[in-house]
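Colleague: One structure follows; several queries about it will come next.
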Amino acid sequence: MKKLLITLVLIFSVVSKIAIAQVRTPETIVLIKAGRLIDVRAGRILENQGILVSGERIKAVGPFADIQRSAPANIKIVDLSRSTVLPGLADCHTHILLQGDITAADYDEQLLKESIPYRTIRATVAARTGLMNGFTVMRDLETEGAMYADVDVKTAINRGVIPGPRMFVSTRAFSATGMYPLLGYSWELKMPEGVQIVDGADNIRRAVREQVKFGADWIKFYADRRYFIKDGALHSWVNFTAEEMKAMVDEAHRLGRRVAAHAMGWDGIDASLKASVDSIEHGYGLDEGLMDRMVRQGTYWCPTIYVGVYVAEGRAAAGAPIWLAMRDLEAKAFGVAVRKGVKIAYGTDAGGYAWTENQAKEFAYMVRYGMTPMQSIQSATINAADLLEHSSDFGAVEPGQFADIIAVSGDPLRDITELERVRFVMKSGQIYRNDIGR
């Protein structure tokens, strides 16, 4: 009897596998007809190109007539012949769990009056908004008090529950005791923290392990605060000791995670570079000496220009005029960094401003401050993919890459603001937006 039961189980298992194989949907194959294709790696535009997509990935790219001849008969053609086609964009600095915080009161309101489930619901809308604006990849640099909700949003996207970009998340971020909001409340009240508070090298190592355990792709920390001008340069107070920063970065790297440092002033940037972080976020206090060190170390810069412009006036009116100076300092530093060859990855700090603002507004400032339109596009494609260590998966329209493809009506190399008007979005071979011809 026992042998009979085992035999029946084996037969049922084999029959089930055969049945599943028989009903499995074949990979969808489509051919995109691109009137103009931006080759971001070579820095050029190609005319009348064909992009053969099989399932999630790009199978072939070349002259449309050649690709069509080698494609299956009666293949579905997506006609973008009157559009400019380019890889999906990557925003390497977002906060999907925030909805804008020009003033401290705006920030406190979200942490004090909005539950984490409510903020997570709003984050799903932010993620969809980013995708529809052409950002098929986002690195989300901390939840601002919403614990590990970014991991849940990422999981929901990956499982097809909600639409959204390919997410790289850093969960809670780190700061030290007394150095990050919420601050200024009575000591008798236990207030929520916008970050994970850690002190001491051993505690920091444990905290890095904890964040990795719960799904952090990146480790993010706040290197400095208290920004001030001295001798014409932006300076700051450093939040961690050299030993603490080294422990954080070393442990993250040991566990295969890269590290992003919020570093505004010269002092915070200096300390972060000494600790060998992988990216400097904001970096308003960069000077030529720090830039040279970044070039030597291969450290990326995420300038997040637009958020500084967006919040400067409001924060100055609320009693922090230093933000006006910081905005202007970054405008001067950016062109110098471009000329020196600092690696720059596109990052907006969306969430620091409302998600009703298009993330692509950053491009116009990058061009105004010293990049060519092509360089700005490369910052959001091949440069971003390199920073995220996924150059073989996205960042260019090439065979083997994910079919993350967007299109605009005009030519962004002539008018970079075209990227604020994305008309077509494909991620992993699935079309999420197609307004072409409407």
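Colleague: Below 13 Å, Cα to Cα, which aspartates and glutamates can Lys332 reach? Residues fewer than 8 away in the same chain don't count.
Modeller: Asp287, Glu288
Colleague: Continuing with this model, one more query. Dipole of the range 105-194 (Lys/Arg Cβ +1, Asp/Glu Cβ -1, origin at the Cα centre): which of Pro117, Ser186, Gly164 lies farthest to the positive side?
Modeller: Of the candidates, Gly164 comes out farthest on the positive side.
Colleague: Calculate, axis by axis, the spread of Cα positions in the range 195-289 along the three principal axes, and write the results as whole Å, longest axis first.
Modeller: 43, 22, 20
Colleague: For the range 112-187, which chymotrypsin sites (Phe, Trp or Tyr not before Pro) pass both filters: DSSP loop (anything but H, G, I, E, B) and at most 10 other C-beta atoms within 10 Å?
Modeller: Sparse-neighbourhood loop chymotrypsin sites (Phe, Trp or Tyr not before Pro): Trp187.
Colleague: Turning to a different aspect of this structure: Return Ser379, Ser170 ranked ascending by Cβ neighbour count within 10 Å, so the fewest neighbours appear first.
Modeller: Result, fewest neighbours first: Ser170, Ser379.
Colleague: For the chain, what proportion of DSSP beta bridges, expressed in % and rounded to the nearest 5, is antiparallel?
Modeller: Of those bridges, close to 50 percent are antiparallel.
Colleague: Set the bar at 24 Å for Cα to Cα. Now go through Lys190/Lys230; Lys274/Lys340; Lys154/Lys340; Lys213/Lys274; Lys59/Lys427 and name every pair that lies beyond it.
Modeller: Listed pairs above 24 Å: Lys190/Lys230; Lys154/Lys340; Lys213/Lys274.
Colleague: If the chain between Ile75 and Arg293 were fully stretched, how many nm would it gain, using 0.36 nm times the residue separation less the Cα-Cα distance?
Modeller: 73.3 nm
Colleague: When only C-alpha pairs under 8 Å and at least 6 residues apart count, what is the relative contact order of the chain, in percent?
Modeller: 18
Colleague: What is the Cα convex hull volume of the range 391-438 when expressed per residue in Å³?
Modeller: 88
Colleague: Just the Kirkwood number for the chain, please: inverse of mean 1/r across all distinct Cα pairs, in Å, one decimal.
Modeller: 23.0
Colleague: At 20 angstrom or more along the helix axis (alpha-carbon based) and mean Kyte-Doolittle of -0.5 or higher, what helices does the chain contain? Whole DSSP H runs only.
Modeller: 2-23, 116-132, 322-340
Colleague: Kindly identify the range 103-150 as rounded, prolate or oblate by the Cα gyration tensor criterion: order the square roots of the eigenvalues as a ≥ b ≥ c, call it rounded if a/c is under 1.5, otherwise compare a/b with b/c, prolate if a/b is larger, else oblate.
Modeller: Because a/c hits 1.5 or more and a/b exceeds b/c, the range 103-150 counts as prolate.
Colleague: Follow-up question, since we're still on this one. Want the number for Thr356 to Ile162: 0.36 nm per residue separation, take away the alpha-carbon distance, what's left?
Modeller: Full extension from Thr356 to Ile162 adds 67.9 nm.
Colleague: Can you give me the Rg/Rh ratio for the range 84-231, using Cα atoms for both radii and the Kirkwood formula for Rh?
Modeller: On the Cα set of the range 84-231, Rg over Rh gives 1.00.
Colleague: Tally Lys/Arg at +1 and Asp/Glu at -1 over every other residue whose Cβ is under 14 Å from the Cβ of Tyr180; what's the total?
Modeller: Spelling it out: positives minus negatives among the neighbours equals -3.
Colleague: Starting with the fewest neighbours, write out Trp266, Trp237 ranked by other beta-carbon atoms found within 10 Å of each beta-carbon.
Modeller: Ranked by crowding around the Cβ, least crowded first: Trp237, Trp266.
Colleague: Sticking with this structure for a sec: Can you sort Glu389, Glu244 so the residue with the fewest Cβ neighbours within 10 Å comes first?
Modeller: Glu389, Glu244
We did not get these values from a lab; they are worked out from the coordinates using the rules stated. Every value quoted in this text rests on a predicted model; they were computed, and no experiment measured them. FYI the Cβ positions are ideal-geometry reconstructions off the backbone, even for glycines, and counts take in every protein chain you see.
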